[in-house]
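Worksheet: one structure, shown below.
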Amino acid sequence: MLFKTLSADEYEAFALHHPGRYYINSSKMIELKRNQGWDVFYTGVADDEGNLKAAAGFSKVPVSGFFHYAYAQRGILCDFNDTELLSFFTEELKKFLKANGMAYLRMDPYVEYQQLNTDGSVTEGGFNNQAMIDNLQRLGWKHLGFTKNYTADSQVRYMVVLDLDDKDDQAITAGYEPNTRRTVNRAKKFGVEIEECDPDHLDEFMKLMEFTSEKRHFADLGLNTYQSQMHAFGPDNAKVWLAVLNTQKLIEINRSDLEAVHEEMKKTDTALIKTPNNGKMQRRRKEEEERISQIERMIAETEELEKTYGPRIILSGAYFVIYDDEMYYISSGSYDELRKYCGPYLIQDEAIHLAKKRGCRRYNFTGTSGIFDESGDDFGVFEFKRKLGGRPIELIGEFTLDADKAMIRKINAVKKLKKAIHR
């Protein structure tokens, strides 16, 4: 076997055929680090015939002043069950890191740990990849534990995904929870539309994300990140969508419905003239009156809504990336006071069906805390994803590999000193 440095193109060609690929360990995302002034590296292992068997792309991250570590976001690409390959790659990586001024390497692979049921419980008799963790630990990798919840400096360990293989559009929709299907149809009935934003016109989306991040207490990616990623992946593969309510269109829909109910009422009145004591017709007449009142209220509400927000109303928005055969739902925002128009549901429905149309094997709702009951702060969001057909997955977690013991001691000493100063 031969350890070698790779070009970004060589790394990407290998990544696209590796099961551990993820949009943030693509060369597109790693190269964004280079564009921001970071040093980035690509290395790999080839067999005697020159065929790549493993690869790693990582950035050089400053820590504690003049020291650095390496970060392979979403992991190196290697078969963690192949002890010979993993052992060789591990030892060569350590040498390479030390020679290039990096104390250790962090990684959080896109590899599942154990099979979960849709409620987050462990599947009896399902797969378990503890052997991979054991193998990594035997070779010097430190496992940072089976963490849950969100932390500022780590990737999530749990996600929610929807498998799309062997499902047509009808089967995908049938997989939604019944009330979710009704909610999607309600958004369509309201005439809600999806608008796509280009990277240079994200003002409305950013206003929405600013509102949502402040209300729900999370740090948004920021305009520069959205724009740089959208440019890196291109318009076919990075999308910002807005769910938009057109008040005049909704009023027209309601007026059309009102006209249809009035026509039905005429038929009912004709029937009642002939048989005035017909209980069925009397009940129908009452239902039609109630329906007319309901539609008239909706028209009045929409007219008031237009006075407050204007004729074009942003309901919600979301950002997506398609990488190879997986589509990722990365971030979103919504205006809570407009939730009755069901914008987030329509966006998700459109995105899931786009993923299927594009030939994706998986739609990834991305992170969840791993706390699958009402004690979890994000339980409502988890339920939202699950009711759209998603299932939770658990990843093997985060690992570090020490490369330069002397530098690590210096880093720890600096951290200890800073902690003492700020005590």
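The numbered conditions (1) open to solvent by less than 10 Å² (accessible area, probe 1.4 Å); (2) polar (S, T, N, Q); (3) closer than 20 Å to SER228 by Cβ are all true for THR43 except (3).
When PRO235 is tested against (1) open to solvent by 80 Å² or more (accessible area, probe 1.4 Å); (2) more than 23 Å from ASP220 (Cα to Cα), just one condition goes unmet, and that condition is (2).
Here ARG138 meets each of (1) farther than 19 Å from ILE76 by Cβ; (2) among the charged types (D, E, K, R); (3) surrounded by 11 or more Cβ atoms within 10 Å (Cβ to Cβ); (4) more than 25 Å from the chain's Cα centre (by Cα) with one exception, condition (1).
Residue-by-condition table, conditions (1) small (Gly, Ala, Ser); (2) touching a His at 6+ places or on another chain (Cβ under 9 Å); (3) in a loop (DSSP other than H, G, I, E, B):
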{"site": "LEU105", "(1), (2), (3)": "no, no, no"}
{"site": "TYR110", "(1), (2), (3)": "no, no, yes"}
{"site": "ASP119", "(1), (2), (3)": "no, no, yes"}
{"site": "ASN135", "(1), (2), (3)": "no, no, no"}
{"site": "GLY145", "(1), (2), (3)": "yes, no, yes"}
{"site": "LYS148", "(1), (2), (3)": "no, no, yes"}
{"site": "ASP153", "(1), (2), (3)": "no, no, yes"}
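Would you check if GLY57 is free of Cβ contacts under 8 Å to residues at least 60 places away in the same chain and on the phi > 0 side of the Ramachandran plot? It is false that GLY57 is free of Cβ contacts under 8 Å to residues at least 60 places away in the same chain and on the phi > 0 side of the Ramachandran plot.
Residue pairs whose Cβ atoms lie under 6 Å apart, separated by 6 or more positions or on different chains, with the first residue in region 116-132 and more than 24 Å from PHE80 (Cβ to Cβ) and β-branched (Val, Ile, Thr) and the second at pLDDT 95 or above and open to solvent by 50 Å² or more (accessible area, probe 1.4 Å), are THR118/ARG391.
Taking the residues in region 155-178 that are assigned to a helix (DSSP H, G or I) and open to solvent by 70 Å² or more (accessible area, probe 1.4 Å) as candidates, determine which candidate is nearest to PRO109 (Cα to Cα). Within region 155-178, the match that is nearest to PRO109 (Cα to Cα) is ASP169. Would you confirm whether or not region 154-169 contains a residue that is free of Cβ contacts under 8 Å to residues at least 24 places away in the same chain and either touching a strand residue (DSSP E or B) at 6+ places or on another chain (Cβ under 9 Å) or of a type in the set (S, T, N, Q) (or both)? Checked against the condition, which is being free of Cβ contacts under 8 Å to residues at least 24 places away in the same chain and either touching a strand residue (DSSP E or B) at 6+ places or on another chain (Cβ under 9 Å) or of a type in the set (S, T, N, Q) (or both), region 154-169 yields no hits at all. Would you check which residues across region 50-106 are more than 33 Å from the chain's Cα centre (by Cα), of a type in the set (D, E, K, R) and under 21 Å from ASN135 (Cβ atoms) and list them? Listed by number, the residues that qualify are GLU84, GLU91, GLU92, LYS95.
The values are calculated or read from the model by the stated rules, or taken from the named source; none is laboratory data. As the structure is a computational prediction, the values presented were derived from the model and not from experiment. Every residue, glycine as well, gets a Cβ built from its backbone with ideal geometry; the counts of neighbours run over all protein chains shown. These accessible areas exclude ligands, DNA and RNA; they are computed on the full protein's heavy atoms, side chains included. Shrake-Rupley method; radii C 1.70, N 1.55, O 1.52, S 1.80 Å.
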